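Data first, discussion second: the structure below is written as structure tokens.
The values are calculated or read from the model by the stated rules, or taken from the named source; none is laboratory data. For clarity, every value in this text was computed on a predicted model and none was experimentally measured. Because the Cβ atoms are built from the backbone with ideal geometry, glycine has one as well, and the counts that use them run over all protein chains shown. These area figures cover heavy atoms from the full protein model, side chains too; ligands, DNA and RNA do not enter into them. Shrake-Rupley method; radii C 1.70, N 1.55, O 1.52, S 1.80 Å.
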Amino acid sequence: MKFTKMHGCGNDFIVVDGPFAPDAAMIRALCDRRTGIGADGILVIGAPTGRRWPLVIHNADGSLADACGNGSRCVARYLLDRHGGERLELDTASGVLRAWRDPEGIAIELAAPELGETVRIAGREARTVKVGNPNVMVFVDDPAREDLVALAAASTKLVGPANVGAVASRGPGALALRVHERGVGETLACGTGSCAAVAAAIARGDVTSDTVRVVLPGGTLVVRPRGDRYELAGPAEYVFTGEV
């Protein structure tokens, strides 16, 4: 199996041209950071129809994911670099995404997040948000000081498994965010989590800009709310290629 290792703000993936149907044990072995390649997930690209490529997203624990913003952006760059052009589409479990080269790097367009209920987790205000996958955004003063594992555990007991983010406003056009991803653990960045954080912050009145910079441990992603659509943009970089 030939593969390409890529990352978006440190959120890293093993990108594979299919057909490739790994079982959960193989996924866990390949994503292991000591005895495998090491990654937050495996992205398997299918045969295209025109400029639309199927994409299957595997979490590091072997489960399937409905959506992955940074993974989709990495695959978009991989395909644009190999097949040319400026735009393409990816067919994921959560729907078809448009992707293009952007001044920020690579961007994707996805349906606007669906806001859910407001709850309290570990004594903090939180909002459930669906962005193809379930998210819970917990509003805190400083994400860097939070026990993210404990927040994720408390959230799971209350609303079930989800990507759990600790988010703080840094002005009308900026957020600080850390995310514990379902099926992975804490990652250096989370694209769908960034979109969820922006939607929750807008609903709360913390964000008013039409371009929001989300600062994560691995770098900065740009989220552009556009009514019923959201744009997610940022770097998508190669790490290395290899063969197993």
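Provide Thr241, Thr4 ordered by accessible surface of protein heavy atoms (probe 1.4 Å), highest first. Each step should come with its number before you reach the end.
Values: Thr241 100, Thr4 10 Å².
Order by accessible area, largest first: Thr241, Thr4.
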(request) Work out from phi, with θ = phi - 60° and the Karplus expression 6.51 cos²θ - 1.76 cosθ + 1.60, the ³J(HN,Hα) of each residue of segment 130-147, listed in order in whole Hz, and give x for Gly and Pro. (result) 9, 10, x, 10, x, 9, 10, 9, 9, 7, 9, 7, 9, x, 5, 9, 8, 7
(request) Could you go through segment 77-85 in sequence order and give the Karplus-derived ³J(HN,Hα) for each residue, using 6.51 cos²θ - 1.76 cosθ + 1.60 with θ = phi - 60°, rounded to whole Hz, and x for Gly and Pro? (result) 5, 3, 6, 5, 5, 8, 10, x, x
(message) Based on alpha-carbon centroids, what's the gap between segment 143-203 and segment 67-136 in Å, whole number please?
(response) 15 Å
(request) First compute the accessible area of segment 142-244 with a 1.4 Å probe, then give the percent of it belonging to carbon and sulfur atoms. (result) 51 percent
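In what order, largest first, do Leu158, Leu90 sit by accessible area if the probe radius is 1.4 Å?
Working: Leu158 95, Leu90 0 Å².
Correct descending sequence by accessible area is Leu158, Leu90.
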(request) Give me the accessible area of Arg204, 1.4 Å probe, in Å² rounded to the nearest 10. (result) 110 Å²
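Can you tell me what the convex hull of the Cα atoms of segment 193-244 projects to on average, as an area in nm²? Walk me through the intermediate numbers first.
Working: hull surface 20.3 nm².
Projected over every direction and averaged, the Cα hull of segment 193-244 covers 5.1 nm².
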(message) Net charge around Gly218, counting only other residues with Cβ within less than 12 Å of its Cβ (Lys, Arg = +1; Asp, Glu = -1)?
(response) -3
(message) Using Cα springs under 10 Å in a Gaussian network model of the chain, which residue among Thr35, Thr220, Thr187 shows the largest mean-square fluctuation?
(response) Thr35
(request) With unit charges on the beta carbon (Lys/Arg positive, Asp/Glu negative), name the residue among Pro172, Val16, Leu43 whose Cα is farthest towards the positive pole of the charge dipole of the chain. (result) Pro172
(message) Suppose all protein chains stay in the model; what accessible area per residue would a 1.4 Å probe give for the chain, in Å²?
(response) 42 Å²
(message) Rounded to whole Å, give me the distance from the Cα center of segment 7-44 to that of segment 225-244.
(response) 16 Å
(request) Compute log10 of I(q)/I(0) for the chain with the Debye formula, placing one identical point scatterer on every Cα and leaving out solvent, at q = 0.07, 0.11, 0.13 Å⁻¹, to two decimals. (result) -0.20, -0.51, -0.72
(message) Under 8 Å for C-alpha pairs, at least 6 residues apart: give me the relative contact order for the chain, rounded to a whole percent.
(response) 21 percent
(message) Net charge within 15 Å of Ala122 by Cβ-Cβ distance, Lys/Arg positive one each and Asp/Glu negative one each, not counting Ala122 itself?
(response) +1
(message) Straight-line reach only, C-alpha to C-alpha below 13 angstrom: list the aspartates and glutamates that Lys5 could link to, leaving out same-chain residues fewer than 8 apart.
(response) Asp17, Asp40, Glu237, Glu243
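Before anything else, pin down the relative contact order of segment 61-125: Cα pairs under 8 Å, at least 6 apart, normalised by residue count, whole percent. Display every interim value, and only then the final one.
Working: 59 pairs, mean separation 16.0, N = 65.
Relative contact order comes out at 25 percent.
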(message) Quick query: amide H of Gly38 versus all other amide H atoms, modeled in the peptide plane; which residues come in under 5 Å with a sequence gap of 5 or more or a different chain?
(response) Cys31, Asp32
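Averaging over every viewing direction, what projected area does the convex hull of the Cα atoms of segment 120-170 cover, in nm²?
Approximately 3.4 nm², given one-decimal rounding.
For Gly10, what is the net charge nearby, where nearby means another residue's Cβ is under 10 Å from its Cβ and Lys, Arg count +1, Asp, Glu -1?
Details: positive: none; negative: Asp12, Asp40, Glu237.
Counting the neighbours of Gly10, the net charge comes to -3.
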(message) Straight-line reach from Lys130: which lysines fall under 24 Å, measuring Cα to Cα and dropping same-chain residues less than 8 apart?
(response) Lys157
(message) I want the antiparallel fraction of DSSP beta bridges within the chain, as a percent rounded to 5.
(response) 80 percent
(request) Sticking to Cα atoms, compute the Rg of segment 1-113 to one decimal and its Dmax as the biggest Cα-Cα distance, whole number, in Å. (result) 13.3, 39
